[in-house]
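Asker: My questions all concern the structure below.
The values are calculated or read from the model by the stated rules, or taken from the named source; none is laboratory data. All figures in this text were calculated on a predicted structure; none of them were measured in a lab. As a convention, Cβ positions derive from the backbone with ideal geometry for all residues, glycine included, and neighbour counts pool all protein chains shown. Heads up: the accessible areas ignore ligands, DNA and RNA and are worked out on the full protein's heavy atoms, side chains in. Shrake-Rupley method; radii C 1.70, N 1.55, O 1.52, S 1.80 Å.
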Amino acid sequence: MTDTPTHWVFGYGSLIWNPGFPYLSAQQGLLRGAHRSLSIVSHHHRGTVELPGLVFGLVRGGSCRGMVFEVADSKWTDVRAYLQEREQVTAVYRDAMRPVRLADGRTVSALAFLVDERHEQFAGGLTLDQQLAMVRAGIGLSGRNIDYVLNTARHLQELGIHDRPLMALAALLEQQAA
């Protein structure tokens, strides 16, 4: 822990396993009021306009366990710019400071990327079969959609975080790949 001011970032998808920015510390955290959902159509990172993929977003309601990264004040401007470029390609998220309860018991205000449910890329009503088809087909600038989903599921499992809908989807993807 430091005496100098720090900033916090809440990761719930690929930020968990690929933050891509320097941080001082990381620990699990719980964000209340939103849950992880594979509900954003990806035309960039994990799909194309012709063959879109799906990525995670934080959707209203429930709660979400993820990783919280502490960023030094001296790095915050650069980290914030990096995250803006990475996460806001099509402005599908609303970035907001949200209270997150850390594993060590503290509550911090962390930057979180919440889905703009009015955005044309929000796809909150997809069936499991529709999700499976899109994840299997999607390949974007950041790689295969199936790798993104399975990496997220694996890392959550390693952290002891159980996300029932994601684990069910991952099990089907792994069964079909075998």
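Asker: Tell me, yes or no, whether segment 111-123 has at least one residue that is surrounded by fewer than 18 Cβ atoms within 10 Å (Cβ to Cβ), assigned to a helix (DSSP H, G or I) and free of Cβ contacts under 8 Å to residues at least 40 places away in the same chain.
Answerer: no
Asker: Could I ask something else about it? Across segment 156-175, what is the number of residues that are surrounded by fewer than 19 Cβ atoms within 10 Å (Cβ to Cβ) and in contact with a strand residue (DSSP E or B) (Cβ under 8 Å, 6 or more places away or on another chain)?
Answerer: Qualifying residue count for the region: 2.
Asker: Would you point out which residue out of Gln157, Gln176 is modelled with pLDDT under 95 and either part of a helix (DSSP H, G or I) or not acidic (Asp, Glu) (or both)?
Answerer: Exactly one of Gln157, Gln176 is modelled with pLDDT under 95 and either part of a helix (DSSP H, G or I) or not acidic (Asp, Glu) (or both), namely Gln176.
Asker: Would you mind stating whether Gly66 is free of Cβ contacts under 8 Å to residues at least 60 places away in the same chain, buried (at least 16 other Cβ atoms within 10 Å of the Cβ), among the small types (Gly, Ala, Ser) and on the phi < 0 side of the Ramachandran plot?
Answerer: So Gly66 fails the test.
Asker: I would also like to ask the following. Which numbered condition in (1) surrounded by fewer than 23 Cβ atoms within 10 Å (Cβ to Cβ); (2) at pLDDT 95 or above is the only one that Arg36 fails?
Answerer: Failed condition: (1).
Asker: Any residue at all in segment 142-149 that is closer than 19 Å to Trp17 by Cβ, in contact (Cβ under 8 Å) with a residue 60 or more places away in the chain and in contact with a Pro (Cβ under 8 Å, 6 or more places away or on another chain)?
Answerer: No, there is no match, as no residue in segment 142-149 is closer than 19 Å to Trp17 by Cβ, in contact (Cβ under 8 Å) with a residue 60 or more places away in the chain and in contact with a Pro (Cβ under 8 Å, 6 or more places away or on another chain).
Asker: Could you count how many residues in segment 70-109 are basic (Lys, Arg), assigned to a helix (DSSP H, G or I) and open to solvent by less than 60 Å² (accessible area, probe 1.4 Å)?
Answerer: So the count comes out to 1.
Asker: Could you say whether any residue in segment 62-74 is more than 15 Å from Ile16 (Cα to Cα) and among the β-branched types (Val, Ile, Thr)?
Answerer: Looking for residues that are more than 15 Å from Ile16 (Cα to Cα) and among the β-branched types (Val, Ile, Thr), one finds none in segment 62-74, hence no.
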